[in-house]
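Derivation of every value follows stated rules applied to the coordinates shown; laboratory data play no part. Here the structure is a predicted model, which means the values were calculated and not measured. Methodologically, a virtual Cβ is constructed for each residue, glycine included, from the backbone with ideal geometry; neighbour enumeration extends over all protein chains shown.
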Amino acid sequence: MTPKPPARKANQPRHGIARVMSKLGLGSRTEAAGWVRAGRVRINGRIVHDPEFPVYQGTDVITLDGETTAASTRRVIMLNKPRGLVTTAADEKGRDTVYRCFEGGGLPWLAPVGRLDKASEGLLLFTNDPVWAAGVTDPAASISKTYHVQISRLPDTALLAAIEHGVTQGGERLAVTAVRCLRSGDKHAWLEIILDEGRNRHIRRMLAALDVLVLRLVRVALGSLVLGDLPKGQWRELSADEIARI
């Protein structure tokens, strides 16, 4: 027997059922829409087939395959993303995605928290809590991101000063919080660059504007969370304390 929904609050907003199920961390909005269209979802005991059917989250009783849904326990996974994988669940070009790293891991639905482009490596988070993810990626949060970047030349004082000053590229201001040289070889060097924002291909575009080629780009930290010695292509679950410190 379907439980009777509690009384609704005045002016309580309604949202599409697929969106609500995604917000509960049950799956992506696309997955939830598929469940609805397949007739697997009931609202207050009635089957619905429209993914945009409006419901009152926290008030209407939503069941999937006869089981009452509830917000899933938040899970956050840290992956050491290898170079060459795209950060998406499915790629229209048939390229390998980051989800290849989770095959056989028995994980629930997880979405990436931000992105790393195909050529970039390192720390990438995934979670089943889209609300938490939105807070982490919100520019207003100003969570620092630390990268180790191998460049195609040896940096001098002028180059480091130019990086610190930032550039305007494509109408966008691309700046950094800090930059320093980690180590140099005969022809190449590694820089540490810290951002408190993350525009699309931020570091690559900024350095290209300064005629500097990026050879490798590895994200090594997000706030106080450090990638550490997690092997390439491997993942681990974050503790509640680690999640709280991000």
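Taking a ≥ b ≥ c as the square roots of the eigenvalues of the alpha-carbon gyration tensor, region 15-68 is classed rounded because a/c is under 1.5. Evaluated with a Cβ-only charge set (Lys, Arg +1; Asp, Glu -1), region 34-179 carries a dipole of roughly 220 debye about its Cα centre, given to the nearest 20. For a paramagnetic label modelled on T59 (point 7 Å from Cα along Cα→Cβ), amide N atoms under 16 Å away belong, within region 24-44, to 43-44. Please label the shape of the chain as rounded, prolate or oblate, based on the square roots a ≥ b ≥ c of the eigenvalues of the alpha-carbon gyration tensor (a/c under 1.5 means rounded; beyond that, a/b larger than b/c means prolate, else oblate). Prolate, because a/c is 1.5 or more and a/b exceeds b/c.
With R₀ set to 35 Å, the beta-carbon distance separating A141 from H49 gives a calculated FRET efficiency near 0.40. For the residue pairs K93/K145; K93/K232; K81/K145, the alpha carbons lie more than 21 Å apart in K93/K145; K93/K232. Within straight-line reach of K118, meaning a Cα separation under 15 Å, sit the following aspartates and glutamates at least 8 residues removed in sequence or on another chain: D91, E92, D96. Peptides 237-246, 186-195 ranked from most to least packed by the mean count of surrounding Cβ atoms within 10 Å: 186-195, 237-246.
Highest mean packing first, where packing is the average number of other Cβ atoms within 10 Å per residue, the peptides 110-116, 205-211 line up as 110-116, 205-211.
Computed extension gain for D91 through A240, at 0.36 nm per residue and net of the alpha carbon distance, reaches 50.5 nm.
The relative contact order of the chain comes to 19 percent, based on Cα pairs under 8 Å that sit 6 or more residues apart. What separates the Cα centres of region 218-246 and region 30-69 is a distance of 35 Å.
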